[in-house]
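Okay, structure first, notes after.
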Amino acid sequence: MKNKTVVYFLLMLVFFSGCKTIREIDTLNSRKEDCSRFVYCPATLVLLKGDTIRGRFTYSSGILYQVHENNDSNINRYGKENEEKGRYYPVSSWYKRYVPEEIHSYSVNGRTLETVILVADKNGNDRPWINYYIIYLPRLTPDSSQIQLYVSFTPRSHADATNNGLIDLLGEIVMDMATPGYYNYYFHFPGDTPHKIWPAEQSPIGFAAKAKMAELFSTCPELQSLAGQIRESPPKQDLIHAMLSKEELKYPKTVPAILAILKKYDDCCCRNKNIVPVFK
């Protein structure tokens with residue numbers, strides 16, 4: 001009986017030692033650079049209070065974790081919270097955690113994304129500045145622009161085409177050449193709360209954004225005709241389709257066309273000395 005107990009104890013020891021080895025391998029993997037998934041990736045973080053932080057970060061659910069360069073095996077990198085959340089969830093002994101509420105922007109792989117928050121309703125009310133509502137989007141306009149443009153991109157899915165055969169897949173490839181995905185556009189208007197954006201979509205908020213854009217353009221002589229065009233557009237038409245021609249709506253002409261219009265508005269503001277606070 002005693003021998004059986006000893007054997008059982010040795011087997012359990014080997015088992016748990018094996019688990020520890022697997023966990024350590026997972027830890028090393030989590031510290032292996034994988035910028036395609038934003039794991040242990042070199043990045044620059046700018047906080048709302050003005051600090052700039054450079055280092056290696058892992059991104060998870062909107063939170064940025066700055067990973068310590070020290071790879072000391074004595075550091076306890078695994079805990080109960082890590083086992084529950086997954087292999088890339090860092091443990092407090094080896095990272096610093098930055099939540100969206102304190103982040104202004106981050107840059108990774110030459111691309112910068114800023115923290116923004118969607119307007120709460122068509123009346124322009126603000127949402128609470130909390131993690132649940134904050135998203136990260138790239139800004140395409142310069143700091144000095146009176147109206148800021150943000151964009152999100154969703155790649156086209158080929159799942160149905162792949163299941164339906166070669167002909168449909170070839171058709172999807174042709175479509176990709178014309179439109180590689182779906183773009184959503186957002187605007188920050190002068191005088192709005194910092195980081196607040198309006199979607200250019202077919203919704204009550206989107207139609208309110210269309211009205212705001214027409215009002216702003218009406219103050220600029222060069223854009224008054226465009227303001228009239230936006231106001232006379234069908235009530236259920238979104239801002240982008242109301243603002244641009246059919247030719248300008250074709251990829252990849254849409255973004256340059258929007259930027260050209262916003263540049264005209266900036267030039268008009270400068271000439272008329274009608275400068276309003278820009279986004280910071």
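Below are the figures for this structure:
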| item | result |
| --- | --- |
| From the C-alpha gyration tensor of the range 91-134, square roots of 5λ in Å | 26, 16, 6 |
| Vicinal HN-Hα couplings computed from phi for the range 246-258 (Karplus, 6.51 cos²θ - 1.76 cosθ + 1.60; Hz; Gly/Pro x) | 4, 5, 6, 7, 7, 5, x, 8, 5, 4, x, 5, 5 |
| Nonlocal amide H pairs with Arg127, under 5 Å, H built at 1.01 Å | Ala120 |
| Greater than 24 Å apart at Cα, pairs in Lys49/Lys122; Lys236/Lys263; Lys210/Lys264; Lys122/Lys246 | Lys49/Lys122; Lys236/Lys263; Lys122/Lys246 |
| Simple spin-label estimate for Ala211 and Gln224 in nanometres, 7 Å along Cα-Cβ | 2.3 nm |
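Values quoted throughout were computed directly from the atomic coordinates according to the rules given, and no laboratory measurement underlies them. Just so you know, these numbers come straight off a predicted model, no measurement behind them. Reconstructed Cβ throughout: ideal geometry from the backbone, glycine too, with neighbour counts over all protein chains shown.
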